[in-house]
1. List the relative contact order of the range 125-278 as a percent without decimals, with contacts defined as Cα pairs under 8 Å and 6+ residues apart.
2. What is the magnitude of the charge dipole of the chain about its Cα centre, with +1 placed on the Cβ of each Lys and Arg, -1 on the Cβ of each Asp and Glu, and no other charges, expressed in debye to the nearest 20?
3. Give me the percent of the accessible area of the range 132-288 that comes from carbon and sulfur atoms, probe 1.4 Å, all protein chains in place.
4. Accessible area per residue for the range 3-65 in Å², computed with a 1.4 Å probe and the full protein assembly in place, what is it?
5. Between the alpha-carbon centers of the range 80-138 and the range 36-50, tell me the distance in whole angstrom.
6. Under the 0.36 nm per residue contour assumption, what length would be gained going from the current alpha-carbon distance of H211 and R261 to full extension?
7. Rounded, prolate or oblate: which fits the range 161-269 when a ≥ b ≥ c are the square roots of the eigenvalues of the alpha-carbon gyration tensor, with rounded for a/c under 1.5 and prolate only if a/b beats b/c?
8. For W228, W21, write out the residues from largest to smallest accessible area, computed with a 1.4 angstrom probe and no ligands counted.
Amino acid sequence: MTVTVNHRQAHAWNGPLGRHWAAQARRFDALLGEADEALFAAAAIGPGDRVLDIGCGAGATTRAAARLAAPGHAVGVDISAPLVERARARTAEDGVPGASYELGDVQAHPFPPGGFDVAISRGGVMFFDDPVAAFANVARALRERGRLVFVCPRAAGPGSEEGTALGRFARRLAEGTERTPERDGDTLAAHAAHTAMASLSEPFRIHAALHRSFTRIAVDPVDVHTHWGDSPADAVDFLLSRTPRRSVPAATRAALEDTLRPYATSRGVRTRAGVWLVTAVRRDDARA
Ligand SMILES: C[S@@+](CC[C@H](N)C(=O)[O-])C[C@H]1O[C@@H](n2cnc3c(N)ncnc32)[C@H](O)[C@@H]1O
């Protein structure tokens, strides 16, 4: 049974945005993957654990959790049908029997009460219209003293490397291509999803979302690098894949590569970015 309350997010993640994430799943895993070390170290998933992965996307973290939890299991829940489909396909390819997926809106999903030992998320928790209700629903899904561990973006300050690089890229793209004003429902929904990415970027918002259902809340900064591609040309391909209908002249493409060249390293095009690592424990009085 699927119950959806976050309709704008459902629209976005089941439209072009979700299909883009599904098609480019390996690139997004490379982009976000440096946060996994902190996430999994804090989650301390062990054999026999039952893990919930909130907003699991194409399921990379669900599969990693399932491997650590064996003979336990990991269940990824996501509002996006294209991403759940991709997660299932990749899990079949990789052969991870302990990982499974459910299509659902985590804010309202009918989880088995107390059915999980730990809930994790790599950037899948910022998209709730009512974060207090959503985290209460996650708490109900956890057993007594069950733990919650997630990473979410920190506010990118004006001088942040990632913000500077992407800002230059966006300005160069706008200068070098025809502006195609798109005001359709898909574009507006994708805008809502991008805006929501920052909804927990201030620690007080994280505390406000969690305090009713969780205790021992810790919010720690972790510095990571985001990986945009193996080379400037590859990173431009990835960044332009977000707007496939936009036609980009060769001279603009070359200029876009130049904006990313300062970040090219022997490990690819990487920019410094920051996430919050959040850990918490279900409150005793949060009802399962
Ligand atoms: C930034 S992506 C991160 C995906 C994945 N955790 C990863 O690391 O690749 C955010 C994910 O949250 C999902 N999502 C957004 N709102 C949701 C909701 N209310 N319930 C469940 N999933 C949601 C999206 O479909 C998307 O897969």
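The values are calculated or read from the model by the stated rules, or taken from the named source; none is laboratory data. Since we're looking at a predicted model, the values are computed, not measured. Don't worry about glycine lacking a Cβ; one is built from the backbone with ideal geometry, like all the others, and counts go over all protein chains shown. In case anyone asks, the SASA skips ligands and DNA or RNA and just uses the protein heavy atoms, side chains included. Shrake-Rupley method; radii C 1.70, N 1.55, O 1.52, S 1.80 Å.
1. 39 percent
2. 140 debye
3. Taking all protein chains in place, the range 132-288 shows 51 percent carbon and sulfur surface.
4. Averaged over the residues of the range 3-65, the accessible area is 38 Å².
5. 16 Å
6. 13.7 nm
7. It comes out oblate by the Cα gyration axes.
8. W21, W228
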